[in-house]
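S.K.: Okay, here's the structure, questions in a sec.
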Amino acid sequence: MPALLALLVPLITQLVSIVQNAIANAQKSGELTAAEAQAHRDKIKAVFDADYAQPRPPAT
Amino acid sequence: MKNKLKAVQSFGLALVLTFSVALAGCSSGCKAGKGTLNPTTGVYDSEAQADRVVVTAEKTAATALDVFDKFMQFERQNEATLAGVSPKIHQAAEEIRKNGRQWLTDLDNAKVAYQSNRTASNQVNLQQILATIQSAISSAISYMATSVAK
C-alpha cells in the first residue's frame, strides 16, 4: 500500500502536466513556422539525450 | 484510507481517460486554421488554409514527445516499485528509449516531405508513421495507468 501511494503523487503530477500541455498545444491551429518546427526538433534531442532516456537492463 | 486511495486512483484514471478522449478526437484529423509552411523555400503563408494532416502530425508529435518524456522519467524514478507491478512497464519504457527518437524523427521527415510535395503517396506515408506514434502514445499512457490500477 505505501508503495502504491508513493507512485500516485508523481504519476498524477505527470498526467496533469501532459493534459495541460495537450490543451496548450490544441490552441495552435495553423502549421508550425520554420522556427517552431526547429524548436520541436531541438526538444526531441534534449529529451532523448537526458539520462533517464538512456536504455539499460532492469534494476535488480 | 482505502476510500481515499480509491478516489486518488479514480482521479488518475479520469485524467488518462480525458487525455485519451482528446487524443482520439484528434486522431481522425485535428482542426486546422490558417498558416502553411513550405520547408523547401522557408516561406510561411499565414493566410493559406493549413493542411489537416500536417496539423495532426505536428500536434501528435508534440504530444508524443511529452508523453514519452514523462513516461521515461516516471519509470526511471520509480523503477523498483514498478518492477513489482509488472516487468512489462520497464520493457515498454525501454522500447521508447530505444526507438522513440527515431519514430519522432521519421514522423518529422515524412511531414517535411509532404509539406514540400503534397502528393497522395507522401500523405499516405505520413499517415502510416502517424499511426505508429499514436499507438506508442496509447501504450505509454496505458502502462502509466496500469501502475496504479493494479
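All of the numbers you see were taken from the coordinates with simple rules; none came from a lab. Worth saying up front: this structure is predicted, and the values here are computed from it rather than measured. Note that we place each Cβ from the backbone using ideal geometry, even for glycine, and neighbour counts take in every protein chain shown.
S.K.: Is it possible to state the helix-based mean residue ellipticity at 222 nm for chain A, with each DSSP H run of 4+ residues giving -39500 (n - 2.57), the sum divided by total residues, to the nearest 500 deg cm²/dmol? What is it?
M.R.: The helix contribution divided over chain A gives -23500 deg cm²/dmol.
S.K.: Quick one: check the C-alpha center-to-center distance for the stretch B:60-102 versus the stretch A:10-60, whole angstrom.
M.R.: The two parts, judged by their Cα centres, are 12 Å apart.
S.K.: What is the spin-label model distance, in nm, from B:GLN77 to A:ASP42 if the labels are put 7 Å beyond Cα along the C-beta direction?
M.R.: Spacing of the two 7 Å Cα→Cβ label points: 2.5 nm.
S.K.: Is there a simple number for the mean count of other chain Cβ atoms within 10 Å of the Cβ of residues in A:6-13, and what is it? Mind dumping the intermediate values first?
M.R.: Numbers: counts 2, 10, 7, 1, 6, 12, 6, 2.
Other-chain Cβ atoms within 10 Å of each residue's Cβ, averaged: 6.
S.K.: Evaluate the distance, in nm, between pseudo-label points positioned 7 Å from the Cα of B:SER142 and of B:ASN109 along their respective Cα→Cβ axes.
M.R.: Using points 7 Å along Cα→Cβ, the separation is 2.8 nm.
S.K.: Report the net charge of residues surrounding B:ALA32, where surrounding means a beta-carbon distance below 9 angstrom and charges are Lys +1, Arg +1, Asp -1, Glu -1.
M.R.: On the way: positive: B:LYS31, B:LYS34, B:ARG52; negative: A:GLU31, B:ASP51.
Net of charged neighbours comes to +1.
S.K.: Continuing with this model, one more query. Please arrange A:TYR52, B:TYR143 by counting, for each residue, the other beta carbons lying within 10 Å of its beta carbon, fewest first.
M.R.: Numbers: A:TYR52 17, B:TYR143 22.
If I rank by nearby Cβ atoms, fewest first, I get A:TYR52, B:TYR143.
S.K.: Let me ask something additional. Which trypsin sites (Lys or Arg not before Pro) in the stretch B:79-128 pass both tests, a DSSP loop state and at most 13 other beta-carbon atoms within 10 Å?
M.R.: Loop-located and lightly packed - none at all.
S.K.: So, counting K/R as plus one and D/E as minus one, what does the shell of residues with Cβ under 13 Å around B:HIS90 add up to?
M.R.: +1
S.K.: Among B:LYS34/B:LYS70; A:LYS43/B:LYS59; A:LYS28/B:LYS88, which pairs are too far apart, with a Cα-Cα distance over 25 Å?
M.R.: From B:LYS34/B:LYS70; A:LYS43/B:LYS59; A:LYS28/B:LYS88, over 25 Å: B:LYS34/B:LYS70; A:LYS28/B:LYS88.
S.K.: Would you tally the net charge around B:ARG76, using a Cβ to Cβ cut-off of less than 13 Å, leaving B:ARG76 out, and scoring K and R as +1, D and E as -1? Mind showing how you got there, number by number?
M.R.: Details: positive: A:ARG56, B:LYS70, B:ARG97; negative: A:ASP51, B:ASP69, B:GLU75, B:GLU79, B:GLU94.
Taking every other residue near B:ARG76 into account, the sum is -2.
S.K.: Could you give the length gained on full extension between A:LEU4 and A:GLN27, defined as 0.36 nm per residue of separation minus the Cα-Cα distance, in nm? Could you put the intermediate results ahead of the total?
M.R.: Working: separation 23, 0.36 × 23 = 8.28 nm, distance 3.50 nm.
Working it through step by step, the gained length comes to 4.8 nm.
S.K.: In debye to the nearest 20, how big a dipole does the stretch B:97-150 give about its Cα centre with +1 on each Lys and Arg Cβ and -1 on each Asp and Glu Cβ?
M.R.: Dipole magnitude for the stretch B:97-150 comes out near 160 debye.
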